[in-house]
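S.K.: Before I ask anything, let me first share the structure, which is written out below as structure tokens.
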Amino acid sequence: MSFSSLSSLKGLLSPTTEAEYDVEKDSHDLSRSEDGGSTNGEVKPREAKESKLIDGRVISDAIIGLSDGMTVPFALTAGLSALGDTKVVVFGGFAELIAGAISMGLGGYLGAKSEEESYHATLKETTKETLTSPATVSDTIHEIFTPYDLPDHLLAQLTSHLTSSPHLPSFLMTFHHTLPEPSGSRALTCALTIALSYFLGGFVPLLPYFFVGPDQAFLALKWSIATMAIALFVFGYGKTCFVSGWAGPKNIKKGAWGGLQMVIVGGVAAGCAMGLVRGFQALGGSDSGQDT
């Protein structure tokens, strides 16, 4: 069993049980080997790791918002540029940004709320099961610890103690259902993170259109393509390296490939949008010629 699993389990066990003594002994042995030994026969306590400044879920939400924000609005502005009117691109782009950010934010809020409701429903069902079906719960606890090859007597003691522990529902939610308890502000944080990330990501392709004339949409499109190619590559590179790591030739290669994939996806989306607008324009022109 890993050290983190032992540490989480240790808080659920009574200090008077032999099972906890064995668990603590294994944990101290791990701490001694990691800290490089002990002093005066005493085990040096393991230093607590600093908590992350940013929750991993917030990073995930930001990636979702930026991924959509850097592709959908970019494809729309590229398609509208085929009309040749800068104002149309700006107004249409802003309308899409606002509507898209609201839609993405609401989707994130509802998704987080559903996750919270699912957690509490599972917790309620698990608590009920611990009261009405102790045999099933004992089998579940046994299945959780079986892959770790614990001694039979220790496995029996852990199972016996946990079945009578008031922390049993929490143990099952963590180790059986593997569902983390959502925070009270999770839904609002998720909605704001996704919405803001979408808006910021989608605002990048609109920037060049503010610095050209009303009839220079194609010139702005060229600068928008260059800007978005760089932004998509940087985003793809950072997203990949955030997961795999930043140092080393292998991680750099992975990051470059991730950035190239983002550029390809954004380019295909923009090309399809421009092709559709061009096609509609051609159909409109041919229909006008037939009418005349």
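S.K.: With a point put 7 Å past each Cα toward its Cβ, work out how far Thr136 is from Tyr148 in nm, to one decimal.
M.R.: Modelled inter-label distance: 2.4 nm.
S.K.: If one computes the Cα centroid of the stretch 250-266 and of the stretch 112-153, what distance in Å separates the two points?
M.R.: After rounding, the separation between the Cα centres reads 41 Å.
S.K.: Okay, next question. Sum up the charges of everything whose Cβ sits under 15 Å from the Cβ of Cys241, counting Lys and Arg as +1 and Asp and Glu as -1, but leave Cys241 out.
M.R.: Every neighbour counted, the sum reads +4.
S.K.: Moving to a separate point now. I want the local charge near Lys87. Using Cβ-Cβ distances under 15 Å, sum +1 for each Lys or Arg and -1 for each Asp or Glu among the other residues.
M.R.: Values: positive: none; negative: Asp85, Glu96, Asp215.
For residues surrounding Lys87, the net value is -3.
S.K.: Bin by bin, in steps of 5 Å, what percent of the Cα pairs in the stretch 206-281 do you find, going until the bin that has the longest distance?
M.R.: 3, 16, 17, 17, 16, 12, 9, 6, 3, 1
S.K.: Treating the stretch 111-251 as a set of equal point scatterers at the Cα positions, no solvent, please give the Debye-formula log₁₀ I(q)/I(0) at q = 0.10, 0.12 Å⁻¹.
M.R.: -0.65, -0.76
S.K.: What spacing in nm lies between the two simple spin-label points modelled at Phe280 and Ser60, each 7 Å away from Cα in the Cβ direction?
M.R.: Once both label points are built, they end up 3.6 nm from each other.
S.K.: If you rank Lys253, Lys239 by how much accessible surface each has, with a 1.4 Å probe, what is the order from largest down?
M.R.: Output order, biggest surface exposure first: Lys253, Lys239.
S.K.: Here is a further query. Which whole-Hz couplings ³J(HN,Hα) result when phi for each residue of the stretch 144-149 is put into the Karplus expression 6.51 cos²θ - 1.76 cosθ + 1.60, θ = phi - 60°, listed in order with x for Gly and Pro?
M.R.: In residue order, the calculated couplings are 5, 8, 4, x, 8, 6 Hz.
S.K.: Counting Lys and Arg as +1 and Asp and Glu as -1, what is the net charge of the other residues whose Cβ lies under 15 Å from the Cβ of Phe199?
M.R.: Value of the local net charge: -3.
S.K.: Right, another one. At 1.306 mPa s and 10 °C, plugging the Kirkwood radius over alpha-carbon pairs of the stretch 72-182 into Stokes-Einstein gives what diffusion coefficient in µm²/s?
M.R.: Answer, rounded: 88 µm²/s.
S.K.: Along Cα→Cβ, 7 Å out, is where each label goes; now give me the distance between the ones at Ile98 and Thr122 in nm to one decimal.
M.R.: Distance between the two pseudo-spin positions: 3.9 nm.
The values are calculated or read from the model by the stated rules, or taken from the named source; none is laboratory data. These figures come from a predicted structure and were not determined experimentally. No Cβ is skipped: glycine too gets one built from the backbone with ideal geometry, and neighbour counts run over all protein chains shown. Areas reflect the complete protein model, heavy atoms only, side chains present, ligands, DNA and RNA absent. Shrake-Rupley method; radii C 1.70, N 1.55, O 1.52, S 1.80 Å.
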